[in-house]
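**Student:** I'd like to ask you about the structure that follows.
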Amino acid sequence: MAVKLTGEQELYKHLRAGDIRSCYFFFGKDVASLESASKRLISKLCPDDARDLNYHFFDGSDFDLSVFSDVCESLPMFAERVVAAVNDLNAESLRADDLKALCAAVSGLDPETTTVIFYATGTDLCGGKKTLSAKNQKLAEAVVKAGGEAVEFAYKRPQDLVKPIREKAARRGSEITDSAAIALAQACLCNMLMINNEIEKLSAYRAGGTITEEDVDELVAGQLDTDAYKLARAVASGNTRAAFESLSELYSRQQESIPLLAVIGGAFLDLYRAKLALMSNRGESDVVSDFSYRGREFAVRNAMRDCQRVPVERLRYCLGVLAECDADMKSKKTDKRILLEEAIIRMMNPR
């Protein structure tokens, strides 16, 4: 059974109301939001003047279970609470008996005096899958069972990020239009770490002025996924020039052809899945849930918009060409970029 998760906004609501739990388990792809929430929670529970005696940090790569257990049983000194922060502990690295002891320590926490925060900023607790791995789920379940909260910080939708983007730009002395904020979120795949870096650049460029959608298009380099989708859309619509411009842009950031081919194939899969959904009278939410697009709903929305005039046979043909290109790259001595360019030409001119 999947662990019961608390929504991010529900977490903030509880904290504003002073509803403090004995333990928190934070994970997810939106590392910037996750790290921000962790720091805010630590600051709220253990002010700077109380940290010398009451704040304990544990690095997951060098986790000492014995010391951690002692901290869990200690009482605050000249403060209201003991706070232990455990960063990047992957429970998969623990032996079964150590994990059992860790869960026992969590279950014995006194919510009136102690709070433990497990937060992952540099390790994937899902092991590349959409849910927590077995041991990490066991730890998260122990947290929830003890009255704590497990929170997944997934990427937001572009429209959900308009307000925080505007606020971040304002703190840097600039304004940004709603359309520019959405374009920025999409270009950065809703990754707040990337968005923060780009806002710094855009604000410096505008020097107190208003950041427009044209500024984002000109100054913000799209990520591999977004540029791969531009290529797929150009091929599907028959725009040869745009397709090869997108390919050149992709190669400027990814020099290895086989990984690049995989990203391009993923973009075509977005279009193909969206097309099949439309043909089956299925909606965006169905595609998101069936193919794990959580946090990337905008990719599904764009694909469902752009695939409407593309015959499903053409998308199948393109996927077949890409599969053949993959086999050729792995078996022939021909330059891999030439093979990819030939595949694009074939996709542009289906038989």
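The values are calculated or read from the model by the stated rules, or taken from the named source; none is laboratory data. The structure displayed is predicted, hence computed values, not measured ones. Every residue, glycine among them, receives a Cβ derived from its backbone with ideal geometry; neighbour counts consider all protein chains shown.
**Student:** For the range 134-156, how many residues meet the condition of being of a type in the set (Lys, Arg) and part of a loop (DSSP other than H, G, I, E, B)? Talk me through it step by step, then tell me what you get.
**Tutor:** Let us first name the residues in the range 134-156 that are of a type in the set (Lys, Arg), namely 135, 138, 145, 156.
Applying the additional criterion that residues be part of a loop (DSSP other than H, G, I, E, B) yields 156.
The number of residues fulfilling the criteria is 1.
**Student:** Only one of (1) of a type in the set (Phe, Trp, Tyr); (2) at pLDDT below 95; (3) surrounded by 19 or more Cβ atoms within 10 Å (Cβ to Cβ); (4) more than 20 Å from the chain's Cα centre (by Cα) fails for Phe153. Which number is that?
**Tutor:** (4) is the only condition that Phe153 fails.
**Student:** Scan Leu75, Leu41 and give me the residue that is surrounded by 15 or more Cβ atoms within 10 Å (Cβ to Cβ) and among the hydrophobic types (A, V, I, L, M, F, W, C).
**Tutor:** Exactly one residue qualifies, and that residue is Leu41.
**Student:** Here's a follow-up. Kindly establish whether Gln159 is crowded, with 18+ Cβ neighbours inside 10 Å, of a type in the set (S, T, N, Q) and not in a loop (DSSP other than H, G, I, E, B).
**Tutor:** Numbers: crowded, with 18+ Cβ neighbours inside 10 Å: no; of a type in the set (S, T, N, Q): yes; not in a loop (DSSP other than H, G, I, E, B): yes.
Here the answer is no, as Gln159 does not meet what is asked.
**Student:** Something else now. If you take the residues in the range 61-96 that are of a type in the set (S, T, N, Q) and within 18 Å of Gly122 (Cβ to Cβ), which one is modelled with the lowest pLDDT? Full working, then the answer.
**Tutor:** So the first thing to find is which residues in the range 61-96 are of a type in the set (S, T, N, Q), and the list is 61, 66, 69, 74, 87, 90, 93.
If we keep only those that are within 18 Å of Gly122 (Cβ to Cβ) as well, we get 61, 87, 90, 93.
Values: Ser61: 91, Asn87: 97, Asn90: 96, Ser93: 95.
Among them, the one singled out is Ser61.
**Student:** Additional query: Within the range 168-206, how many residues turn out to be over 23 Å from Arg296 (Cα atoms) and either without any contact (Cβ under 8 Å) to a residue 12 or more places away in the chain or assigned to a helix (DSSP H, G or I) (or both)? It would help to see each step written out before you state the result.
**Tutor:** As a first pass, look at the range 168-206 and keep what is over 23 Å from Arg296 (Cα atoms): 169-175, 200-206.
Applying the additional criterion that residues be either without any contact (Cβ under 8 Å) to a residue 12 or more places away in the chain or assigned to a helix (DSSP H, G or I) (or both) yields 169-171, 200-206.
Result for the range 168-206: 10.
**Student:** Could you look through the range 56-72, keep only residues that are surrounded by 13 or more Cβ atoms within 10 Å (Cβ to Cβ) and farther than 21 Å from Asp19 by Cβ, and pick out the one that is nearest to the chain's Cα centre (by Cα)?
**Tutor:** Of the residues in the range 56-72, the ones surrounded by 13 or more Cβ atoms within 10 Å (Cβ to Cβ) are 56, 58, 60, 63, 65, 68-69, 71-72.
Now restrict to residues that are farther than 21 Å from Asp19 by Cβ: 56, 58, 60, 63, 65, 68-69, 71.
On the way: His56: 28, Phe58: 24, Gly60: 21, Phe63: 26, Leu65: 29, Phe68: 29, Ser69: 32, Val71: 32 Å.
The qualifying residue nearest to the chain's Cα centre (by Cα) is Gly60.
**Student:** In addition: With respect to Ser61, is the statement that it is among the hydroxyl-bearing types (Ser, Thr, Tyr) and either more than 26 Å from Lys129 (Cα to Cα) or in contact with a strand residue (DSSP E or B) (Cβ under 8 Å, 6 or more places away or on another chain) (or both) true? Before you say what the answer is, go through the steps one by one.
**Tutor:** Details: among the hydroxyl-bearing types (Ser, Thr, Tyr): yes; either more than 26 Å from Lys129 (Cα to Cα) or in contact with a strand residue (DSSP E or B) (Cβ under 8 Å, 6 or more places away or on another chain) (or both): no.
It is false that Ser61 is among the hydroxyl-bearing types (Ser, Thr, Tyr) and either more than 26 Å from Lys129 (Cα to Cα) or in contact with a strand residue (DSSP E or B) (Cβ under 8 Å, 6 or more places away or on another chain) (or both).
**Student:** Let me ask something additional. When Cys46 is evaluated against the numbered criteria (1) at pLDDT 95 or above; (2) among the hydrophobic types (A, V, I, L, M, F, W, C); (3) touching a helix residue (DSSP H, G or I) at 6+ places or on another chain (Cβ under 9 Å), which criterion, by number, is the only one it fails?
**Tutor:** (1)
**Student:** Return only the number of the condition from (1) more than 22 Å from the chain's Cα centre (by Cα); (2) surrounded by fewer than 22 Cβ atoms within 10 Å (Cβ to Cβ); (3) within 25 Å of Gln308 (Cβ to Cβ) that Val235 does not satisfy.
**Tutor:** For Val235, the failing item is (2).
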